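Input: a single structure, listed below in structure tokens.
The values are calculated or read from the model by the stated rules, or taken from the named source; none is laboratory data. Everything numeric here is computed off the predicted structure, so don't read it as measured data. Quick reminder, even Gly has a Cβ in these numbers, built from the backbone with ideal geometry, and neighbours come from all protein chains shown.
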Amino acid sequence: MKLQRVTFRALLIIFAVFGIQQKLYTQAEYPRAVRTYLKINDNAKLIKQSKISISTEILQVTGNEDTVKMVFYDPDGYILKETVKIDTSVDKRGEFITRKFSYIYNNFKLLTEKIDSSSSSPKKYTLKYDELYNITDEEVFINNKLTQKYDYEYDDLSRLIESSMKDLVNDCRIVDTYDYDSYNNLVLSTTKNKCIPGEDKPILVKYNYKYDKDYRILGKITSSSAGEYKTETFTYTADGKPESSYEISGKDSYITRKYVYDNNTVRIKKIETIGELSTSSDILIKYDQNGNRLIEEYYDTEGKLLYSYKFVYNYY
């Protein structure tokens with residue numbers, strides 16, 4: 001049974017690092033705790049091999065530069081702290097909100113504290129684990145006052161099957177349950193929210209996957225009891241890299257992406273159609289020899305550079 005648990009963790013890592021751009025090529029879904037905590041250091045091995053101590057992301061637009069993200073790593077490639085400036089404007093005008101996080105680990109490199117100091121009321125998340133390194137308890141403090149408590153339950157394969165959040169301020173509870181397919185991918189999440197008056201009806205979100213013989217996801221259908229529906233299809237190159245994706249969301253919304261590779265670069269051609277209006281764009285991503293991003297360039301339909309992100313590294 002322990003071997004099966006290790007296998008699931010290995011699958012988590014495989015699916016987490018698969019794809020050139022996770023933001024643009026999202027596939028399998030994960031519960032909140034897995035997505036937020038277990039996957040946070042997915043690229044630790046690459047960071048360690050590259051001996052990166054600080055990663056700086058710089059937004060370049062119309063001759064101006066803004067540092068929008070700084071991440072500090074320990075010698076093992078684990079995140080120690082990060083500052084993120086999020087541009088909320090559509091055309092990158094610089095309408096930023098700033099988020100600041102720091103992370104503390106135990107001797108087994110398990111995350112035990114996440115501290116959000118973005119506002120004047122610092123928020124701290126503390127985590128506890130079982131002997132198989134599954135998160136069992138999470139507590140949330142605001143200004144050092146305990147406000148929320150999470151309890152997590154797992155099946156025999158160490159798959160998270162229930163997350164229960166107790167809101168100590170409003171004295172209510174939110175319970176999420178999870179079901180998986182034989183490939184250990186999430187296929188159903190059910191939310192029972194007792195913290196919103198009159199919202200007693202459970203919210204169901206279903207994920208249906210189609211796989212190829214190499215266990216890669218060829219298709220994904222997302223639907224919810226709230227009426228949302230999305231269909232995605234994926235293709236791959238002969239050597240297993242993402243080749244294209246096609247997304248239908250809503251009645252008249254379509255997004256097509258094509259991935260083109262050339263040495264240490266990836267070009268992502270995107271066409272988005274809403275109703276009768278179509279827009280296209282190009283994203284060019286350049287990597288160093290270790291696989292770390294050097295630059296992301298975003299172009300309009302006529303090939304004009306709109307803005308870019310530059311990545312600068314400090315090393316141990």
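Summary of values
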| item | result |
| --- | --- |
| Pairs where the first residue, in the stretch 29-54, is touching a residue at least 12 places away in the same chain (Cβ under 8 Å) and the second is surrounded by fewer than 17 Cβ atoms within 10 Å (Cβ to Cβ) and part of a helix (DSSP H, G or I), C-beta under 7 Å, 6+ apart | ASP42/ILE13; ASP42/VAL17 |
| Residue count for the stretch 306-316, restricted to those that are over 26 Å from LYS51 (Cβ atoms) and at pLDDT 95 or above | 0 |
| Residue count, the stretch 245-258 (criterion: more than 20 Å from the chain's Cα centre (by Cα) and either surrounded by 13 or more Cβ atoms within 10 Å (Cβ to Cβ) or modelled with pLDDT of 95 or more (or both)) | 5 |
| Residue in the stretch 253-274 that is farther than 29 Å from GLN49 by Cβ and not in a strand (DSSP E or B) present | no |
| Of all residues making up the stretch 50-84, the number that are surrounded by 16 or more Cβ atoms within 10 Å (Cβ to Cβ), touching a Gly at 6+ places or on another chain (Cβ under 9 Å) and part of a strand (DSSP E or B) | 3 |
| Scan of the stretch 150-194 for residues that are within 20 Å of the chain's Cα centre (by Cα), more than 12 Å from ARG32 (Cα to Cα) and aromatic (Phe, Trp, Tyr), ordered by number | TYR180, TYR183 |
| In the stretch 133-179, the residues that are farther than 29 Å from ASN107 by Cα, in contact (Cβ under 8 Å) with a residue 24 or more places away in the chain and either in contact with a Cys (Cβ under 8 Å, 6 or more places away or on another chain) or loosely packed, with under 15 Cβ neighbours inside 10 Å (or both) | ASP167, ASN170 |
| Criterion: in contact (Cβ under 8 Å) with a residue 40 or more places away in the chain and farther than 25 Å from GLY275 by Cα - qualifying residue of LYS241, LYS210 | LYS241 |
| Residue under evaluation GLY198, criteria (1) under 20 Å from the mean Cα position of the chain (by Cα); (2) of a type in the set (Gly, Ala, Ser); (3) farther than 19 Å from ILE221 by Cα, criterion not met | (1) |
| Those residues of the stretch 279-316 which are exposed (fewer than 14 other Cβ atoms within 10 Å of the Cβ), of a type in the set (D, E, K, R) and farther than 23 Å from TYR254 by Cα, in sequence order | ASP288, LYS304 |
| Matching residues in the stretch 1-55 - criterion: being hydroxyl-bearing (Ser, Thr, Tyr), within 13 Å of ARG159 (Cα to Cα) and modelled with pLDDT of 50 or more | TYR30 |
| Matching option when the condition is under 30 Å from ASN185 (Cβ atoms) and either modelled with pLDDT under 95 or under 20 Å from the mean Cα position of the chain (by Cα) (or both), among THR83, THR62, THR112 | THR112 |
